[in-house]
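Some notes on the structure that comes next.
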Amino acid sequence: MQRVKRAIALLLAALLLFSLPAAGTAKNTVHFIQHGARDENQDQLIKYWLYVPPEAEPGMPLVVYLHGSGERGDGALLTSLPQFLKDGVVLCREPILLIPQMPSYFGHWISIENALMKMIDRTVEEYGVDEYRIALAGFSLGGIGVYDLVNLYPERFCRALAVSGRVNEDVTPEAFSKCELRTCVGTKDTNMPPQSALEFAEALEEAGYTTKTLEFDYTHSRMPYHVFRDAEVLEWLWMELAPQPSPTPTDAAGYRTLKKGMNGKDVQRFKAAMYWLGYFNDKNVSDEYNSVTVERVKMLQRYNGLEETGVADPALQALVFSGSAVKTEKAPKPSKTPKPAETPNP
């Protein structure tokens with residue numbers, strides 16, 4: 001009897017020891033909400049996971065992460081960026097993160113592009129995501145998917161991070177004219193040689209498009225471990241959600257002055273940002289800078305202690321997009337977040 005009791009005590013002690021977290025790790029309380037979207041082209045329901053940070057509010061950016069081939073089936077949350085998030089490695093403020101799960105019987109992300117766009121549209125609608133700040137990231141097979149999807153939907157993404165991905169022949173530099181690309185390659189990568197990615201990045205530079213190439217001295221399997229733990233890469237991918245300094249002339253350099261009679265995507269983007277601050281009643285704003293826009297801009301300037309000109313100069317646009325502008329009492333409140341389902345332990 002004593003031997004039995006002693007054996008039970010030793011067993012309990014062993015279980016307790018192995019249940020303790022390893023020294024130096026800090027597990028986050030991170031929940032992923034499971035959803036599904038039907039791909040009409042494939043007639044398949046595609047599962048996806050959504051991470052919504054506790055401090056989420058309307059106007060936040062969205063990052064879509066495409067996993068590699070080894071995670072097809074049911075492994076989307078078990079490696080790379082989602083796992084680092086759960087382990088507490090991703091320490092800067094997070095955006096809303098959408099992680100599609102590719103079924104095991106598909107070979108390319110482009111095969112389920114219909115479902116991917118539905119996932120994005122639904123997330124934008126439910127959480128008030130800034131539809132002009134949607135980024136796309138992917139590793140390996142997901143890196144290939146980054147190039148393919150931006151090529152197919154050039155107006156949908158503002159930033160793209162391709163890690164160890166190959167560029168297919170039908171992908172054109174023009175598709176990235178409005179999407180800033182960062183290319184991450186491994187100099188020791190023999191699984192996905194970086195030649196096509198480096199040549200494509202060079203073509204973007206020659207065309208005058210915004211791009212940056214980062215070379216890491218690692219093999220294919222080590223690339224996500226280093227890229228998605230790099231604070232500079234993440235702050236760029238997160239669209240600088242970390243605290244930023246007040247707008248400066250350098251911050252405003254990329255904007256043209258907007259005034260009555262003008263139109264364009266930049267006008268619509270500016271008005272959409274004003275909506276989330278409470279200066280427009282309807283989020284479906286037009287791309288026209290009309291008399292109503294002038295009056296709303298004057299209100300924006302008045303609330304922020306600026307001269308009421310009704311003209312949106314680069315400094316005013318930088319203020320609005322920085323998130324530092326004063327909100328009105330009509331600013332939309334965050335959507336109610338559904339009760340999340342805890343992710344299973346890997």
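Here are the numbers for the structure shown:
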{"item": "Ala135 being part of a strand (DSSP E or B) and either farther than 15 Å from Phe32 by Cβ or among the acidic types (Asp, Glu) (or both)", "result": "yes"}
{"item": "Residue ID - surrounded by the most Cβ atoms within 10 Å (Cβ to Cβ), chosen from residues in the stretch 266-312 that are among the polar types (S, T, N, Q) and assigned to a helix (DSSP H, G or I)", "result": "Thr293"}
{"item": "Any chance Pro95 is surrounded by fewer than 19 Cβ atoms within 10 Å (Cβ to Cβ) and in contact (Cβ under 8 Å) with a residue 12 or more places away in the chain", "result": "no"}
{"item": "Subset of the stretch 55-82 (residues that are assigned to a helix (DSSP H, G or I), crowded, with 20+ Cβ neighbours inside 10 Å and of a type outside the set (A, V, I, L, M))", "result": "Glu71, Ser80, Pro82"}
{"item": "Any chance Glu125 is in the same structural domain as Ser221 (by TED's automatic domain parsing), in a helix (DSSP H, G or I) and under 30 Å from Glu215 (Cβ atoms)", "result": "no"}
{"item": "From the options Arg156, Arg182, Arg166, residue that is touching a residue at least 12 places away in the same chain (Cβ under 8 Å), surrounded by fewer than 24 Cβ atoms within 10 Å (Cβ to Cβ) and farther than 28 Å from Tyr105 by Cα", "result": "Arg182"}
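Per-residue answers, yes or no, for (1) within 30 Å of Met274 (Cα to Cα); (2) modelled with pLDDT under 85; (3) out of contact with any helix residue (DSSP H, G or I) (no Cβ under 9 Å at 6 or more places or on another chain); (4) among the hydrophobic types (A, V, I, L, M, F, W, C):
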| residue | (1), (2), (3), (4) |
| --- | --- |
| Glu57 | yes, yes, no, no |
| His67 | no, no, no, no |
| Arg72 | no, no, no, no |
| Ala76 | no, no, no, yes |
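The values are calculated or read from the model by the stated rules, or taken from the named source; none is laboratory data. All of these numbers come straight from a predicted model, not from anything done at the bench. So basically every Cβ, Gly included, is an ideal-geometry build from the backbone, and we count neighbours across all protein chains shown.
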